[in-house]
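A quick write-up on the structure given underneath.
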């Protein structure tokens, strides 16, 4: 019985979204954003030389069709990406009205988002006072800190000392539909932070806020470090997803990375977490050990969290090249009959203005299903295709491209 591996390279967009002009970073529309294309151009021009050098090199994924997929998605030719694809390849377009993690993943798993997300205003304060009062009450604190749009590292640095002194949680949001709470694992307590996020999540979900995110850290001012114990409390999906379809057919669904959080563990048997380097070890173990008929669903987040939002072109390029090397080893470990799909959930062009995601098409690279282009497809077609490979009925609007 065949196995399937669905691997999401978080934010590794390919440009060309037809509705990019309706999404913004600040006041600038996302028209023309292209995560992969612009990184490759910056590398070829010598503008991404920190910790690496020269043109962007991703021979394993280019051999599957990465360069061809970007050309199809956006019309942009990535310098040096001219391999004749040995796999199947295409580009996918999202219809959900969000360029965020839940929207992208849910739609890849067959379920477009049927509502508009709630976003907090970019004002100070960003949150209503009664929400802040409820956060403080739930954790027994005298108040809260933050209450604004911010990136995680700067706002923790700004409030770290006061947080440790007072025990008040640090609350912030971003251009995504999220409510984030940062707290010290030791002085505040990791279990206390997780319970706070779990307890406040239903109120946020009722507002159609997509995720409440626990952001634990250790250390002090000037030397703090966010830990791997982040946890996302996501709103429930509006319909059964690929994970439910597979599990409902009596098969195993293994999650790697943020997948368990994104789907609130619905339709998922087990989850492995860690840094991207650790996650790839888990993916390699799944290639060796996952059961016949199973789905392994993986997310590699650091392209997005460590480099895209921080507009770090060199760092993003280093991560792509590292991932490509690992992908080569993973592809070599697959068994006959296995299907592996590499794709993304949205873009986050590190050459773009602002610090938000960018609205883009995404590459779809397929190993184990022959050779040739699949053209422009829908995000939901990815889930339908995985289901078709596994012999599981698809319950969503997507159509298999296999």
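The values are calculated or read from the model by the stated rules, or taken from the named source; none is laboratory data. Keep in mind that what you see is a predicted model, and the values were worked out from it rather than measured. Every residue, glycine as well, gets a Cβ built from its backbone with ideal geometry; the counts of neighbours run over all protein chains shown.
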* Selection status of residue 196, over 22 Å from residue 111 (Cα atoms) and either in contact with a strand residue (DSSP E or B) (Cβ under 8 Å, 6 or more places away or on another chain) or crowded, with 23+ Cβ neighbours inside 10 Å (or both) -> yes
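Only one residue in 214, 228 is in a strand (DSSP E or B) and either farther than 15 Å from residue 178 by Cα or modelled with pLDDT of 95 or more (or both), so which one is that?
Every option except 214 fails the conditions.
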* Filter result (more than 26 Å from residue 311 (Cβ to Cβ) and either at pLDDT below 95 or buried (at least 19 other Cβ atoms within 10 Å of the Cβ) (or both)) within segment 133-166 -> 135, 139, 141, 144, 163
* From 203, 251, residue being over 23 Å from residue 291 (Cβ atoms) and surrounded by 15 or more Cβ atoms within 10 Å (Cβ to Cβ) -> 203
* Structure fact -> For residue 205, the lone unmet condition from (1) in contact with a strand residue (DSSP E or B) (Cβ under 6 Å, 6 or more places away or on another chain); (2) more than 23 Å from residue 154 (Cβ to Cβ) is (1)
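Can you tell me which residue within segment 27-64, out of those that are touching a strand residue (DSSP E or B) at 6+ places or on another chain (Cβ under 9 Å) and part of a loop (DSSP other than H, G, I, E, B), is nearest to residue 371 (Cα to Cα)?
34
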* Restricted to segment 277-309, and to residues that are in a loop (DSSP other than H, G, I, E, B) and surrounded by 15 or more Cβ atoms within 10 Å (Cβ to Cβ), which residue is modelled with the lowest pLDDT? -> 309
* In this structure, is residue 345 in contact (Cβ under 8 Å) with a residue 60 or more places away in the chain, buried (at least 24 other Cβ atoms within 10 Å of the Cβ), touching a strand residue (DSSP E or B) at 6+ places or on another chain (Cβ under 9 Å) and under 24 Å from residue 177 (Cα atoms)? -> yes
* Could you check, for segment 344-361, whether at least one of its residues is touching a helix residue (DSSP H, G or I) at 6+ places or on another chain (Cβ under 6 Å), modelled with pLDDT of 95 or more and farther than 21 Å from residue 99 by Cα? => no
* **Every residue from segment 219-243 that is out of contact with any strand residue (DSSP E or B) (no Cβ under 8 Å at 6 or more places or on another chain), more than 16 Å from residue 299 (Cβ to Cβ) and touching a residue at least 24 places away in the same chain (Cβ under 8 Å)** => 220, 221, 222, 236, 238, 239, 240
* Counted residues, segment 84-98 - those being modelled with pLDDT of 95 or more, within 27 Å of residue 243 (Cα to Cα) and part of a loop (DSSP other than H, G, I, E, B) -> 4
* With the condition kept exactly as written, say whether any residue in segment 371-381 is on the phi > 0 side of the Ramachandran plot, touching a strand residue (DSSP E or B) at 6+ places or on another chain (Cβ under 8 Å) and at pLDDT 95 or above. => yes
* Which numbered condition residue 137 fails, given (1) over 30 Å from residue 66 (Cα atoms); (2) in a helix (DSSP H, G or I); (3) in contact (Cβ under 8 Å) with a residue 12 or more places away in the chain -> (3)
